[in-house]
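The values are calculated or read from the model by the stated rules, or taken from the named source; none is laboratory data. Bear in mind that the values here come from a model prediction, so they are computed numbers and not experimental data. Backbone-built Cβ (ideal geometry, glycine too); neighbour counts: all protein chains shown. All accessible areas refer to the heavy atoms of the entire protein, side chains included, with ligands and DNA or RNA removed. Shrake-Rupley method; radii C 1.70, N 1.55, O 1.52, S 1.80 Å.
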Amino acid sequence: MSPLPVLFLSHGSPMHAIQPGAVRAVWQGIARDMARPKAILIASAHWETNIPALTGAAKPETIHDFYGFPKPLYEVQYPAPGDPALAERALGLLRSAGLPAAIDPQRGLDHGAWSPLLHMYPGADIPVVQVAVQTELRTRHHVGLGKALAPLAAEGVLIIGSGHMTHNLRERRADREGGPLPYAAEFQEWVRQKIEARDLDSLADYRALNPHGVRAHPTDEHFLPLFVALGAAGEGYGAERLYDGIETGSLAMDAWRFRQAAR
């Protein structure tokens, strides 16, 4: 079996679940253009833990981890089954790589996971395991986390990092008030160049090396899933950017597909 690609998705506002938008068609197209996975392992920016953690529930609940949105959004359910066996397999891989890790038997799926999956696999019939990020451990830790999980791609598991290319909520504005804020587009382009050059060292030091790094990500958690995806893609990966729209001025919605190099 050829390894499945590894994805990085910017999941955007939870409102993508119930409102039309260009990125929804992108997510649908990604799923349509690839082999159907037997399971999904998704790293979401909305679950932060001290050590790597995995969801182990057989029937994970749909978590509505947001406030102040319209009532219909809180009625959305994504009843995909969990996969306790996959959680145990991933746990073993992480521990074999020297990473302390644990399984949470009760944690459900937050909107970083179900918002894109709702459109990629609307039947909610593919098992999903979520993996947390460890914000205090920063970028290189997450490359290592992704590397540890990389063998799953050859086992029919779709590995996804779900975060954001830029994530400054304080600078959001209505789309009608103007186009992308220049710094968001400039940071987006810098990251593209580093990804395509496979320059993970520079990316890992983005807060120091890019003049817009701290503004693009006042906190790290929404950028860390990209490093999980890059780590899982491995050295010599192929990279394809599938979407580069920017919403509300400051939220770059990049979607990337990575392919592991032949071994």
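Couple of notes before you dig in:
- Solvent accessible area, Å² - residue 133, 1.4 Å probe, full protein context: 0
- Within the chain, helix-based [θ] at 222 nm, where runs of 4 or more DSSP H residues each add -39,500 (n - 2.57), nearest 500: -9500 deg cm²/dmol
- Sequence of 67, 206 from largest to smallest accessible area, 1.4 Å probe: 67, 206
- Largest to smallest in accessible area, the residues 166, 49 fall in the order 49, 166 (1.4 Å probe, all protein chains included).
- The dipole here belongs to the range 1-100: it is taken about the Cα centre, uses +1 on the Cβ of Lys and Arg and -1 on the Cβ of Asp and Glu, and is about 260 debye.
- With every protein chain in place, the chain: carbon and sulfur % of accessible area (1.4 Å): 51
- Rel. contact order, % - alpha carbon contacts under 8 angstrom, at least six apart, the range 89-202: 24
- Per residue solvent-accessible surface (Å²) - the chain, probe of 1.4 Å: 42
- Remark on residue 130: its backbone amide H falls under 5 Å from those of 42, 55, a criterion applied only to residues 5 or more positions apart or on other chains, H modelled at 1.01 Å from N.
- Count Lys and Arg as plus one, Asp and Glu as minus one, and take only other residues whose Cβ is under 14 Å from that of residue 221; the net charge is then -3.
- Across every direction, the projection of the convex hull enclosing the Cα atoms of the chain has a mean area of 12.8 nm².
- Of all beta bridges that DSSP places with both ends in the chain, some 40 percent have antiparallel geometry.
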